[in-house]
Structures are given as C-alpha cells and as structure tokens.
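Take a look at the structure below.
The values are calculated or read from the model by the stated rules, or taken from the named source; none is laboratory data. What you see is a predicted model; the values in this text were computed from it and never measured. Here the Cβ is made from the backbone with ideal geometry for all residues, glycine too, and neighbour counts use every protein chain on show.
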Amino acid sequence: MMGLSSCFKHIYFNTIQKEIRNKSIWSLLIMTSLVIIVLNALLNLLLQLAGEFQMAGAGMELGSLPLNLFYTLIDFFSTVIAILIGVNSLSSDEDSGVNVQLLSFPVKRWEYLVARVLGSWTIVVSYYVYSIVLAAILFSISSRDFMMGFQIFFGLINTSLIILPTIVIAILFSFFLPKLFAFFFSLFFMAFVSYSNMTFSQMKMDEFMQQISFMKIIALPVHLLLPRTGALSSATNSVLYNPEEPISYMYWGTLGHYLLSLALLIFVVSWFLKRRDV
Amino acid sequence: MNVIDAQNVSKNYGSSRALSSLTLSVAPASVYALLGPNGSGKTTFVKSVLGLVRANSGTILINGIDSNDPKSREGVAYLPEKFNFFPYYTIDGVVKFYGSMKGLSGSELDDRCHLALKTLGIDDLVGKKVKECSKGQLQRTGIASMLMGNNNLLILDEPFSGLDPIAIKELKDLLRSLKEQGKTLFINSHILSEMEKLCDHAAILNKGECLAQGELQSMLNGKSLEDFFYERVKQ
C-alpha cells in the first residue's frame, strides 16, 4: 500500500502558512469584499426605487439575480487566485532554493506536489467560502430572504472541485514558462477547457465529423483527458438559475470522469516533477 | 556496509559533462571531504546522492538503498551551500520544522530544538525571523537543523561559507564531536586548510573527474593537502 510519509502533513501546513502571506490573495480578497459591499448598497437603492414604483415582488427577483451574478464573479476571482497560487506554488520554492531542502527529506516528489496542491486548494476554497458567505449574508439582509440554499452549497462543491485541477495545471505550466506567461497561459487554457466541454458535452460523434475544424480537433483530447471544469460550471449555473430542475444524470458521469482525469493529471505533473533536477 | 557507495556516476547538463564515471565509497563514522575547484561537479554529486539530480548513468547507494528511493534519505541530513528558508519563519521555527520533518514531536521536539540551538550558540536568537538574520546566523540555523532527528549521515555543502573565524573553529569542534558520536560526515569544500585538519578521507574532483581519492594521509604521502591538490588539478 502506497502510504503517505510523515513529511506530507508538514509540507501541507507549510503551504498554508506560505500562501496565507500571499499579498495578491489579500488584495483580491479586499477587492472582492468591497465589490460585494458596494454592489449590495446599489441593490438596496434599486430595491427602494422598486418599492417607490410599487413593483410588487420585484425585490425578491432583484435580490436573487445579483447573488447569481456575484456567484459568477466570485467564481472567476477564485479561478484567478487558484492560477496565481498554482503558478507560484512550486516556482517560489525553486526561486528561494527551499525546494532543495524540502526534497532532501525522505519525501516522494508526488507527495511534495500533492501537499503543495492541497495546501493551495485549502487557501483558495477558504477565499471562495468567505466571499460566498459574505455575499449571501448581505443579499439575505437586502432581500429579507435567506439566500444560503442548496444551490449555493452545490456551487460551493463544484467550484471546490474546479479549483483543484486549475492549481495543478498552473503548476504544470510554471515548470516550462516564466511566472507571468504561465499565469496568462493557464487562464487562457482554463477558458479553452471550458470551451471544449461546452462544445462536446452536447455533440454526438457524427455531428463532430460533419462540423470538424482545427479548434475542435485540439479541443477533443482536452475534453476527453482533462477534468471537465466547464461541465461542472455549467451544472452549477443550471442549478442556480433553474433551482426547480433536478440535477442531470450527466453530472454524475462528469464527477466520475473528474476523479479519473484528475488522477491522470496529477500523475503527469508528478512525472515531470520527478524528472526535474533541483 | 558503506554509508555511500557510488559506482560509475555520470551526469550531463546538455552537452556539458558535470560528472564522469565517478566511483567512491564512504565508510561509516568517517569524515570524507569532496574537494575541487568551483564547477568541478562537487554539488552535482551531492545532489545526486540526495536524489535531487538524476544521474545519466551509474548507481548510488545510501546505507544500501538506491538514492532515487526517498527511504535512502531517512538517516540523512543536508546543509546546502546557501541555507535559506521562508523569511517569516523564526530561527527556532526552522529548527522545529526540520525536527518535525524527521518525525519528532511534542516535548522531544522542543528539547532537541533547544539543545541544537544551544550547541550552535544561537539560543539567544529564539524568536528572530529568518529575514532578520545575518548569513552567519542563517548558516548556524542550518547546522542546528541538521542535528534534529537520528541522522547517521550528515552532508554539508561548503559549511564554512559565511562564517567568521570563531564560528569556523566552533563548527570544526562540533563536526569532530559528531564524528566521535559515530556520525558520518560528507563535506564539500574548497577551503583546503580547514578540511586538512578535519577529514580522514578525501576525493579530489576536477571537471567532473576524480583525480585522486582515499585515506588522506596515505594519499598525501607527506605533502600538504594544498600542494597535493594544486599538483593534481594543474596536471
């Protein structure tokens, strides 16, 4: 049985200690909080105007719509933070020379990678939960209705799942590209993964052959081999905007594919890491 | 069984050869010096021993275990040439981190940390952050970190770098006492005067090739290490 070494736990907590000091994350956290608070104030103003125009029930609609919009905004910021942390995660160890010291302990390279990924993931998910809870509390007060429903919980689970491969992909690109390029390339690549998932989730093979293009040929392996973050995002949006509709059975297939493809992705990144001289 | 057993180790970085069929053995409880000018392949060899660099060919066994297996590093402590750690850590935090990575915890971790800091004369620096430390203080912290855990092989890459004469003397005394405790010391250095007084075995590397190796006094045959080294490297 492949057990974790005792070093794993210490590297995991060290990652949290390291990333919690990341100024970019604190800047984005403050910015997100300000955006939520300011837009909530605007929402209150709109609610008052709606009341003056005696639009019965409009308050509820206005209250739920911005929450969904904020969900999308926070989702985007979470992806940005995940990429920022991912790009920095191993490359900052390399820059400071700490990786040499950490890897001289009896720790396997994949354990070092997974500990760094999970530590980074914990930080991004904490940011995400904070932002969502803040938005939900403020909008619950504004709309006088409790906003922390199943759809928010469902979104939280899915975004947590999306963050994990995003970090791993950013780490992979940081092996080959300077930090800034790795950041933008990861951002572009994650958008491409979403495009691939959108394209192929509804398309049958004969349709693909009829509408074949260069982009689709590149997008197909991305859709098949990488975690379908775009599909998870779509599932969240459909639950947020149509809460009455049941979750599609396709979602469970996507989850199964997610687990296998994430394991494959981590294996590939570990393989590259193992072959790197430090 | 030798603590380090390297057979025909070669390493290339692109077209440049860093190590060329290097073979050497380090016996238990010895002080082995790996000597050579800058760029001779000393650090590459140490990194190969630690599995940080993958040799292109050859094998390295640490206590009988292949160096590519992380288990081979269980009884090994390493001091890199430029010891560094996260700037927000305190000196005692660094030493404790090393201890916990070596499986120490609770009061044993605290006691060993206190003893290591005291041995290196930096127990008065408890609470001082890495970013506030001088190079010498950082080097002492690195050496203190090596004392955590039950390591039988201590690998030091240029350990005297950044230390003042007092600290060099204290470090040599410490290394001698570690040898007396049965630890094996493998030291990379180009400060020949210090190594001559300290080591009992040595190898001389130049351009990745081993020019000489063996028990120090029989290898020198009455010459000073400096003269012997100069002759071999300039040949």
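For the range B:168-179, check the following and say yes or no: at least one residue is among the small types (G, A, S) and in contact (Cβ under 8 Å) with a residue 24 or more places away in the chain.
There is no residue in the range B:168-179 that is among the small types (G, A, S) and in contact (Cβ under 8 Å) with a residue 24 or more places away in the chain.
Look through B:L52, B:L34 and report the one residue that is free of Cβ contacts under 8 Å to residues at least 40 places away in the same chain and either within 15 Å of the chain's Cα centre (by Cα) or within 24 Å of B:C199 (Cα to Cα) (or both).
B:L52
Looking at this structure, is A:S143 surrounded by fewer than 12 Cβ atoms within 10 Å (Cβ to Cβ), among the hydroxyl-bearing types (S, T, Y) and over 30 Å from A:D95 (Cβ atoms)?
no
Mind listing just one residue for me: the one in the range A:254-278 that is within 14 Å of chain B (Cβ to nearest Cβ) and buried (at least 17 other Cβ atoms within 10 Å of the Cβ) and, of those, nearest to A:Q101 (Cα to Cα)?
Taking the candidates together, the pick is A:V278.
Being within 11 Å of chain A (Cβ to nearest Cβ) and either free of Cβ contacts under 8 Å to residues at least 12 places away in the same chain or surrounded by fewer than 23 Cβ atoms within 10 Å (Cβ to Cβ) (or both) narrows it down to one of B:G127, B:G121, B:G136, B:G149, so name that one.
Among B:G127, B:G121, B:G136, B:G149, only B:G149 is within 11 Å of chain A (Cβ to nearest Cβ) and either free of Cβ contacts under 8 Å to residues at least 12 places away in the same chain or surrounded by fewer than 23 Cβ atoms within 10 Å (Cβ to Cβ) (or both).
Those residues that are more than 27 Å from B:F45 (Cβ to Cβ) and β-branched (V, I, T), I need them from the range B:130-173; list them, please.
If the condition is that a residue be more than 27 Å from B:F45 (Cβ to Cβ) and β-branched (V, I, T), then B:V130, B:I166 are the ones that fit.
Okay, residues lined up against (1) within 14 Å of chain A (Cβ to nearest Cβ); (2) part of a helix (DSSP H, G or I):
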{"residue": "B:G93", "(1), (2)": "yes, yes"}
{"residue": "B:G103", "(1), (2)": "yes, no"}
{"residue": "B:L109", "(1), (2)": "yes, yes"}
{"residue": "B:L117", "(1), (2)": "no, yes"}
{"residue": "B:K131", "(1), (2)": "yes, yes"}
{"residue": "B:I143", "(1), (2)": "yes, yes"}
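Within the group A:L47, A:L69, A:L39, which residue is more than 14 Å from chain B (Cβ to nearest Cβ), surrounded by fewer than 16 Cβ atoms within 10 Å (Cβ to Cβ) and at pLDDT below 85?
A:L69
Considering only residues that are away from every other protein chain (no Cβ under 13 Å) and either within 19 Å of B:G149 (Cα to Cα) or among the aliphatic types (A, V, I, L, M) (or both), which ones fall in the range B:33-90?
B:A33, B:L34, B:L35, B:I60, B:L61
Being closer than 13 Å to B:G208 by Cβ, within 12 Å of another protein chain (Cβ to nearest Cβ) and in contact with a Lys or Arg (Cβ under 8 Å, 6 or more places away or on another chain): is that true of B:S10 here?
no
Answer yes or no as to whether B:K197 is surrounded by fewer than 18 Cβ atoms within 10 Å (Cβ to Cβ) and outside any loop (DSSP other than H, G, I, E, B).
yes
Scan the range A:223-232 and give yes if some residue there is surrounded by 15 or more Cβ atoms within 10 Å (Cβ to Cβ), touching a residue at least 60 places away in the same chain (Cβ under 8 Å) and among the polar types (S, T, N, Q), otherwise no.
Checking the range A:223-232: at least one residue is surrounded by 15 or more Cβ atoms within 10 Å (Cβ to Cβ), touching a residue at least 60 places away in the same chain (Cβ under 8 Å) and among the polar types (S, T, N, Q).
Would you be able to say whether some residue in the range B:14-30 is within 14 Å of chain A (Cβ to nearest Cβ), assigned to a loop (DSSP other than H, G, I, E, B), within 21 Å of B:D200 (Cα to Cα) and in contact (Cβ under 8 Å) with a residue 40 or more places away in the chain?
No: the range B:14-30 contains no residue that is within 14 Å of chain A (Cβ to nearest Cβ), assigned to a loop (DSSP other than H, G, I, E, B), within 21 Å of B:D200 (Cα to Cα) and in contact (Cβ under 8 Å) with a residue 40 or more places away in the chain.
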